[in-house]
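Encoded as structure tokens, the structure appears first; notes follow it.
The values are calculated or read from the model by the stated rules, or taken from the named source; none is laboratory data. If you're wondering where the values come from, they're calculated on a predicted model, not measured in any experiment. Heads up, the Cβs are rebuilt from the backbone with ideal geometry, glycines too, and the neighbour counts pull from every protein chain shown.
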């Protein structure tokens, strides 16, 4: 079918709009993070300046008691409450902007599919864009399910958005491809099954990868200015484990679906092609992480390091193997 240039152009505009709104959301996440630090310093300073009962300072007042004696009462300080509401407002605006950006982002992918009359996961641009979208949807779900129990978790949005924005910048520049039909080798319903599950799993793995990095920072206490503002190490570890536990079955199914597609396309289930090999290595690493997380002597920092290695393997497979190493999966940058 012919390509619809108008829908393709609208898809690109929505992509750029989503990237812009993500940048704004990141700015508000950063404002919440920085304002939270300032509010903590202000609270500490106020606590140090609270006057004693013997003297009357500028932050206190006297009232006459029931027996006619003078009772000293500290003045209420509305500044802390005002600062707290301002910090919360920054965070709420960041989440709202993230939701708007996700909707724009999803619209961009849908219009890309309509413009090409195919499943919109046929090249590196579309694949990377969809991975970024999956990561942000996963982040919103994590935030929705845990924000009430962990108020400080929302401030991690600035760290989750950092790799997502890098992926989107690469997708919109280096990896961008004009809307076009896919090569005959990819014209299969397995494109929908295999590539979609790989996309979802890869996007999901970004969130626990970031959480594990922050977990190590929290446990090591370096840099101290960053470590003290992070949620507890238990919270970060729990986010990393639970998100990986969701992504791993998807990734397992993706590897199995890829093997079935390989048998249909090339007459063998597994041929140790570079992409297949690295995908299997990543699967082993994530299986090792889940096993280590359930082992007492490995469940803390060692498990976090394994999780980070797993994310590195997935990203290595996404970029280096797809774009540099020649193999059966090399379709001019196609997955």
Given the conditions (1) surrounded by fewer than 20 Cβ atoms within 10 Å (Cβ to Cβ); (2) more than 11 Å from the chain's Cα centre (by Cα); (3) under 24 Å from residue 251 (Cβ atoms), every one holds for residue 187 apart from (3)
Given the conditions (1) surrounded by 15 or more Cβ atoms within 10 Å (Cβ to Cβ); (2) at pLDDT 90 or above; (3) over 13 Å from the mean Cα position of the chain (by Cα); (4) not assigned by TED's automatic domain parsing to the domain that holds residue 233, every one holds for residue 173 apart from (1)
Evaluate the following for residue 222: is it in contact with a helix residue (DSSP H, G or I) (Cβ under 7 Å, 6 or more places away or on another chain), more than 17 Å from residue 124 (Cα to Cα) and outside the structural domain of residue 118 (by TED's automatic domain parsing)?
no
Listed by first then second residue, the pairs whose first member lies in segment 212-224 and is on the phi > 0 side of the Ramachandran plot, whose partner is at pLDDT below 90, with beta carbons under 6 Å and at least 6 positions apart or on separate chains, are 221/227
Listed residues 267, 209, 271, 258; which is in the same structural domain as residue 305 (by TED's automatic domain parsing), in contact (Cβ under 8 Å) with a residue 60 or more places away in the chain and more than 15 Å from the chain's Cα centre (by Cα)?
258
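Residues are listed down the side, and each one gets a yes or a no for (1) under 17 Å from residue 159 (Cβ atoms); (2) buried (at least 24 other Cβ atoms within 10 Å of the Cβ); (3) more than 19 Å from the chain's Cα centre (by Cα):
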{"residue": "100", "(1), (2), (3)": "no, no, no"}
{"residue": "103", "(1), (2), (3)": "no, no, no"}
{"residue": "110", "(1), (2), (3)": "no, no, yes"}
{"residue": "114", "(1), (2), (3)": "no, no, yes"}
{"residue": "120", "(1), (2), (3)": "no, no, yes"}
{"residue": "126", "(1), (2), (3)": "no, yes, no"}
{"residue": "130", "(1), (2), (3)": "no, yes, no"}
{"residue": "140", "(1), (2), (3)": "yes, no, no"}
Kindly evaluate residue 118 against the criterion of being touching a helix residue (DSSP H, G or I) at 6+ places or on another chain (Cβ under 9 Å) and outside any helix (DSSP H, G or I).
yes
Mind listing just one residue for me: the one in segment 1-16 that is part of a helix (DSSP H, G or I) and surrounded by fewer than 17 Cβ atoms within 10 Å (Cβ to Cβ) and, of those, nearest to the chain's Cα centre (by Cα)?
16
